Amino acid sequence: MVLHKGNPSRPDNPGGTNPFYTGMNPALGAELTPPRERLLDIALPADTALQLVRDELMLDGNARLNLATFVTTWMEPQARELMAECAEKNMIDKDEYPQTAELERRCVAILADLWNAPDPADIIGCSTTGSSEACMLAGMAFKRRWSKLGRTGKPNLVMGANVQVCWEKFCEYWEVEPRLVPMEGDRFHLSAGEAVAHCDENTIGVVAILGSTFDGSYEPVAEIAAALDEFQAKTGFDIPIHVDGASGAMIAPFLHTDLEWDFRLPRVASINTSGHKYGLVYPGVGWVVWRDRAALPSELVFNVNYLGGDMPTFALNFSRPGAQVAAQYYTFVRLGREGFRAVQQASRDVATYLADKIGELPEFRLLTRGDQLPVFAFTTAPDVTAFDVYDVSRRLRERGWLVPAYTFPENRTDLAVLRIVVRNGFTHDLADLLLGHLTQVLSDLAKQDAPTHDPATSTGFHH
Ligand SMILES: Cc1ncc(COP(=O)(O)O)c(C=O)c1O
């Protein structure tokens, strides 16, 4: 513990009257530094501990100005209240908290319905910590299904090079060969032709993303499914699709109702989403649903009986907070279809408005327009030589905005972009403030001779 002698002239002198320190043990007669490597020898009063930790957290950024993350940064006070009430509930303890388990079941059923599952009585699914865990579970189901076919080669998984890192992790952890289809020219995600060209008898599945983390675009799930139908007709190999709808599976059911990307396509075996992205819940909750029980090999499901009940579970972690599941159910109750449509539409309106305005600036070229996910990517126009996207990102950060700059994956690593994620709570007013700052930043940057960024210290790729 580091104790600094109290300085009576300082306003935060614990012996003085500063309200921040009223909870401190006056017997210490000194100013505390919170522990960095070792526990303190003594206990502190709760108010003092709270203030010390709050002070540290002041250094975090302002989440509402973070245009890099897809993760929910604003919920209604009622939802926060509910989450605080559920703080002690452990999701695994389904015997002690049967109603939380029932809310989880209802959420799974609601999602299966939103995703047009053919037989609501036959679906199976669960909550997870986020989409990464959900994707791992879906990938494990694919691998087990494939190994039961009796094939002997090394299993592979086909996906675009634009997949989120969780899929590369899955392949590494579960010893599956990742077949990453590179980008080509202006094709920034997986195409049907390329997907099929990478499949063979050891392909455990194809991952289609709705939508891409890199630019917000939807991959053509229906075209990929049709191409795999043809492939099966020619080769006999029946390759299932998993839709990684981390963001889009909570957007498309409300804004792109005619788009067939979900269980309407018989080849789609499973779908995941992040409840904590466009599911509008604070982190961390994700969901994965299989179209029917046959798509999830039963030996992967464990029966937990030592907490007093006998419940099937499929998850990587055992204990997990129940509050997020209650909060997910709250958003479903609160918004209904109409409310969800309105919230997602508002985000898309802001995204397309902002994309149009940025597209009008001669300094930039849009890659996507925010009309699929409310997310768009843009880069500098070819004749811009005084600065680059990293300069723009850094200068916006000085104004509090977090707009990440990053390069695209193989074969377009030459392309560096900025990306804006519009989420619930990002208003037209905030968009106009951002545009105002962007215009000022551009006029400053135009005075430079050349880009000044150091890639090592640039804002990285987020989520
Ligand atoms: C397409 C996609 N898949 C998976 C993930 C991982 O999600 P999570 O952060 O919920 O684990 C993300 C995160 O951004 C994503 O965009």
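Read the figures in this text as sums done on the coordinates, not as results from a lab. This one's a predicted model, so the numbers in the text were calculated from it and none came from an experiment. Glycine gets a Cβ as well: all are built from the backbone with ideal geometry, and neighbour counts include every protein chain shown.
Orientation-averaged projection of the chain equals 27.0 nm² [convex hull of Cα atoms, one quarter of hull surface area]. Exposure proxy shown here: for Thr273, Thr203, Thr331, Thr439, the number of other Cβ atoms within 10 Å sets the order, fewest to most, as Thr439, Thr331, Thr203, Thr273. Rg over Rh for the range 189-298 works out to 0.98, both radii taken from alpha-carbon positions and Rh defined as the Kirkwood radius.
Summary of the geometry: the range 91-105 and the range 197-237, compared by the centres of their Cα atoms, lie 36 Å apart.
Quick one: compute a quarter of the convex hull surface over the Cα atoms of the range 373-429 and quote it in nm².
5.1 nm²
Rounded to the nearest Hz, the phi-derived 3J(HN,Hα) couplings of the range 261-276 under the Karplus curve 6.51 cos²θ - 1.76 cosθ + 1.60 (θ = phi - 60°) are 9, 10, 5, 4, 8, x, 6, 7, 8, 7, 9, 10, 8, 9, x, 8, where x marks glycine and proline.
All distinct Cα pairs of the range 283-371 go into the 1/r average, and the inverse of that average, the Kirkwood radius, is 17.6 Å. Annotation: the residues Ser319, Ser147, sorted from fewest to most other C-beta atoms within 10 Å of their own C-beta, follow the order Ser319, Ser147.
Sorted fewest first by neighbouring Cβ atoms within 10 angstrom, Glu201, Glu360 come out as Glu360, Glu201. For Arg144 and Gln99, the FRET efficiency from 1/(1 + (r/R0)^6), where r spans their Cβ atoms and R0 equals 25 Å, is about 0.20. When each full DSSP H helix of the chain is screened for a Cα extent of at least 27 Å along its own axis and an average Kyte-Doolittle hydropathy of at least -0.5, the helices passing are 323-360. Between Met311 and Glu398, take the C-beta separation as r, use R0 = 41 Å, and let me know the FRET efficiency to the nearest 0.05. Calculated value: 0.20.
Calculated on the alpha-carbon coordinates, the convex hull of the range 222-269 measures out at 66 cubic angstrom per residue.
For the range 348-457, the average shadow cast by the Cα convex hull is 7.0 nm², which is a quarter of the hull's surface. One chain, two ends: Val333 and Asn116. Fully extended at 0.36 nm per residue, the span grows by 76.2 nm beyond their Cα-Cα distance.
May I ask you to derive the relative contact order of the chain, considering only C-alpha pairs under 8 Å and at least 6 residues apart, and to give it as an integer percent? Relative contact order, the chain: 18 percent. What is the local net charge at Val53, summed over the other residues whose Cβ is closer than 13 Å to its Cβ (Lys, Arg +1; Asp, Glu -1)? Taking every other residue near Val53 into account, the sum is -2. Computed from the Kirkwood radius of its Cα pairs, the Stokes-Einstein diffusion coefficient for the range 77-332 at 4 °C and 1.567 mPa s stands at 70 µm²/s.
The aspartates and glutamates within cross-link reach of Lys89, meaning a Cα-to-Cα straight distance under 19 Å and a gap of 8 or more places when in the same chain, are Glu81, Glu102, Glu104, Asp310.
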